[in-house]
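Q: The following block contains the structure, expressed as structure tokens.
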Amino acid sequence: MQIHVVPVPWSTHHQQLRAIRNTVFIQEQGVPQELEWDGQDEGAFHFLALNEVGQAIGCTRLLASGQIGRMAVIADHRHRGIGRRLLDVAVEKAKQQRFTKVSLHAQSQVVEFYRKAGFLPRGAEFMEAGIPHVAMDMELPITFELIDELAKPTIRAQESDAQPDKNQLRHLHGERECVAGLLECLAEPLRTVQIYSQHLDHALFDQRSVVDALSRFVRRGPPARLQILIHSSRRIVNRGHMLLELARRIDSKIHIRRVPEALAADLHTCLVWDERGYWLMPDFHEYEAMANCYDPVRSKRLTERFELLWHKSSEDSELRVLRL
């Protein structure tokens with residue numbers, strides 16, 4: 001299972017961050033709400049762990065004082081190295097901010113975990129929110145270059161004239177590369193294309209070149225089918241959308257459903273086809289994507305997640321009555 005740890009603003013991701021911390025700290029560990037929500041989140045750096053289908057499964061934060069805290073991983077995903085990934089990214093962010101030291105309050109039962117990461121205990125054990133803790137510090141080297149907290153791969157979509165192998169994982173950075181990668185992927189499908197996009201992102205799917213590629217796909221013959229899942233139709237209705245126009249013209253081949261609000265928690269945007277290849281943007285706020293034209297294992301997982309939501313979703317009446 002691949003995990004992506006990404007920096008996220010509190011302003012746009014507070015619901016996902018609060019949900020994880022509410023589950024782990026308040027419900028599981030009995031931390032009082034007034035202690036958990038301490039008023040420091042808006043000014044902190046936050047990091048979110050996403051699984052391969054974009055579900056938020058862990059988080060942590062870094063305060064301006066250099067204190068790392070609120071590290072939480074959902075129970076079903078523990079003991080897989082996610083906590084260490086979150087911790088490492090937070091430390092790298094502290095280095096980027098030129099902090100000379102980071103600190104944290106470790107629950108006594110996990111002191112060894114932080115010790116292995118380079119933190120040293122300071123002082124005696126104390127109680128915090130009814131749980132035994134130990135203060136720990138890590139001295140940071142003085143650096144003279146900024147460190148990229150995401151450690152982005154150096155292979156870029158437009159740096160090579162050679163055609164990539166079908167099973168080569170490609171990383172796409174920025175809106176332009178994401179669209180270019182999307183177009184290359186759309187030359188592959190034969191039977192089924194499934195798109196998951198919260199608002200049917202205009203920057204990606206309201207492009208004439210993308211809509212034309214999807215039009216060519218659905219017109220190939222009877223097996224071709226396009227399924228689209230969205231969270232909300234409001235933005236699509238207000239701004240209009242070329243893909244929606246296409247769906248109205250070819251309604252036997254293109255189907256759009258809205259995910260029920262209770263299940264609309266996935267952050268990813270993806271295109272997956274024929275249980276064979278995929279194009280995936282782990283966080284729909286960030287135009288950082290990956291694509292592989294032949295990865296049946298991961299494609300099947302994305303397809304299974306899509307179909308689970310598809311069967312629990314329904315058509316949106318606003319899209320049915322929209323005049324274009």
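Q: If you check Asp274 against the conditions, is it farther than 27 Å from Val8 by Cβ and in contact with a Ser or Thr (Cβ under 8 Å, 6 or more places away or on another chain)?
A: For Asp274, the condition - farther than 27 Å from Val8 by Cβ and in contact with a Ser or Thr (Cβ under 8 Å, 6 or more places away or on another chain) - is met.
Q: Something else now. So, restricting to strands (runs of 3 or more DSSP E) that lie completely within segment 174-275, which ones have at least 2 residues that are among the basic types (Lys, Arg)?
A: 254-258
Q: Which residues, counting only those in segment 203-238, are under 25 Å from the mean Cα position of the chain (by Cα) and farther than 22 Å from Leu267 by Cα?
A: Val211, Leu214
Q: Let me ask you something else. Quick check on segment 50-71. Is at least one of its residues part of a strand (DSSP E or B) and charged (D, E, K, R)?
A: Checking segment 50-71: at least one residue is part of a strand (DSSP E or B) and charged (D, E, K, R).
Q: Here's another thing I want to ask about it. Of everything in segment 298-316, what is of a type in the set (Gly, Ala, Ser) and either more than 18 Å from Ala262 (Cα to Cα) or crowded, with 18+ Cβ neighbours inside 10 Å (or both)? Give them in sequence order.
A: Of everything in segment 298-316, those that are of a type in the set (Gly, Ala, Ser) and either more than 18 Å from Ala262 (Cα to Cα) or crowded, with 18+ Cβ neighbours inside 10 Å (or both) turn out to be Ser299, Ser313.
Q: Shifting gears a bit: Being more than 17 Å from His171 (Cβ to Cβ) and either touching a residue at least 12 places away in the same chain (Cβ under 8 Å) or surrounded by fewer than 16 Cβ atoms within 10 Å (Cβ to Cβ) (or both): is that true of Leu271 here?
A: Against the criterion (more than 17 Å from His171 (Cβ to Cβ) and either touching a residue at least 12 places away in the same chain (Cβ under 8 Å) or surrounded by fewer than 16 Cβ atoms within 10 Å (Cβ to Cβ) (or both)), Leu271 does not qualify.
Q: Can we say Leu87 is surrounded by 18 or more Cβ atoms within 10 Å (Cβ to Cβ), of a type in the set (A, V, I, L, M, F, W, C) and not in a helix (DSSP H, G or I)?
A: no
Q: Find all pairs meeting these conditions: Cβ atoms under 9 angstrom apart; at least six residues apart or on different chains; first residue within segment 301-321 and within 20 Å of Asn238 (Cα to Cα); second residue of a type in the set (Val, Ile, Thr) and not in a helix (DSSP H, G or I).
A: Glu315/Ile256; Asp316/Ile230; Asp316/Ile256; Leu319/Ile230; Leu319/Ile256
Q: Can you confirm whether segment 28-46 contains a residue that is among the aliphatic types (A, V, I, L, M), closer than 24 Å to Met136 by Cα and part of a helix (DSSP H, G or I)?
A: Checked segment 28-46: at least one residue is among the aliphatic types (A, V, I, L, M), closer than 24 Å to Met136 by Cα and part of a helix (DSSP H, G or I).
Q: Turning to a different aspect of this structure: For Glu52, indicate whether it is of a type in the set (Asp, Glu) and either under 27 Å from Ile195 (Cα atoms) or without any contact (Cβ under 8 Å) to a residue 40 or more places away in the chain (or both).
A: Taking the combined requirement at face value, the residue satisfies it.
Q: Please state which of the following conditions Tyr294 fails to meet, knowing it meets all the rest: (1) at pLDDT below 90; (2) surrounded by fewer than 17 Cβ atoms within 10 Å (Cβ to Cβ); (3) more than 19 Å from Phe205 (Cα to Cα).
A: (1)
The values are calculated or read from the model by the stated rules, or taken from the named source; none is laboratory data. Everything numeric here is computed off the predicted structure, so don't read it as measured data. Please note: Cβ atoms are built from the backbone with ideal geometry, for glycine as well, and neighbour counts cover all protein chains shown.
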